[in-house]
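A quick write-up on the structure given underneath.
Every read-out reported here was derived from the displayed coordinates using simple, explicitly stated rules and does not represent laboratory data. Source: prediction; values computed, not measured. All Cβ positions, even for glycine, are placed from backbone atoms using ideal geometry, and neighbour counts span all protein chains on display.
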Amino acid sequence: MKTRFTPLSIRDLKDIARWIAAERPNAARKVVAKLKAACLNLSDHPYAYPLLAGREDKGVRRMPHGRYAICYRVLPDSVEILRILDGAQDITAQL
């Protein structure tokens, strides 16, 4: 199974990198690399994480990763990464 990143999820990664890099450039690269790796690993066990409350009808799932929430859905041939958000945000409002 493949992992696909939506344009919004790519923008989220860039925003996360920019925000962290303002204070710690090396840490920004590491955090983004770990987030990408976590997303890619979802294809091994795509149903391991629960459906997101309020978005069950869309099949949206949420995987916590540190302070971030990786929101994705399982399609017939791939895992689609929808958003990568700070867990303190109102996630359902962002989807």
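Would you please name the chymotrypsin sites (Phe, Trp or Tyr not before Pro) within segment 23-74 that are DSSP coil residues with at most 15 other C-beta atoms within 10 Å of their C-beta? Provide the component values of the computation, followed by the final result.
Numbers: sites: Y47, Y68, Y72; in loops: Y47.
Filter output for segment 23-74: Y47.
Going by amide H atoms built from the backbone, whose H comes under 5 Å of the H on F5, apart from near neighbours?
I81
With both partners inside segment 2-94, how many of the DSSP beta bridges are antiparallel, as a percent to the nearest 5? Mind dumping the intermediate values first?
Working: 14 of 18 bridges.
Antiparallel: roughly 80 percent of the beta bridges in segment 2-94.
Tell me what the chain gives for mean residue ellipticity at 222 nm when only DSSP H runs of n ≥ 4 count, each as -39,500 (n - 2.57), the sum divided by the residue total, rounded to 500 deg cm²/dmol. Display every interim value, and only then the final one.
Working: 3 runs with 36 residues, N = 95.
My calculation for the chain gives -12000 deg cm²/dmol from helical runs alone.
For the pair K36 and M1, how long in nm is the line joining their label points, each one 7 Å along Cα→Cβ?
Going by the 7 Å Cα→Cβ label model, 2.2 nm.
Can you give the percent of C-alpha pairs in segment 12-85 whose distance is more than 20 Å? Please report the intermediate quantities before stating the final value.
On the way: 862 of 2701 pairs.
Counting pairs separated by more than 20 Å, the tail of P(r) holds 32 percent.
How do I81, I70, I20, I10 line up, fewest other C-beta atoms within 10 Å first?
Working: I81 26, I70 23, I20 17, I10 12.
The order, fewest Cβ neighbours first, is I10, I20, I70, I81.
How high is the relative contact order of segment 2-94, given as a whole-number percent (alpha carbon pairs under 8 Å, six or more residues apart)?
Working: 123 pairs, mean separation 29.3, N = 93.
Rounded, it is 32 percent for segment 2-94.
Just to check I understand the Karplus step: with θ = phi - 60° and J = 6.51 cos²θ - 1.76 cosθ + 1.60, what whole-Hz values come out for segment 31-47, glycine and proline as x?
Calculated HN-Hα couplings, in order: 4, 5, 4, 5, 5, 4, 4, 4, 4, 5, 6, 4, 5, 6, 9, x, 9 Hz.
All other residues with a Cβ under 10 Å from the Cβ of V79 taken together, and with Lys, Arg as +1 and Asp, Glu as -1, what is their net charge?
Details: positive: K2, R4, R61, R73; negative: D44, D77, E80.
Charge balance in the 10 Å sphere: +1.
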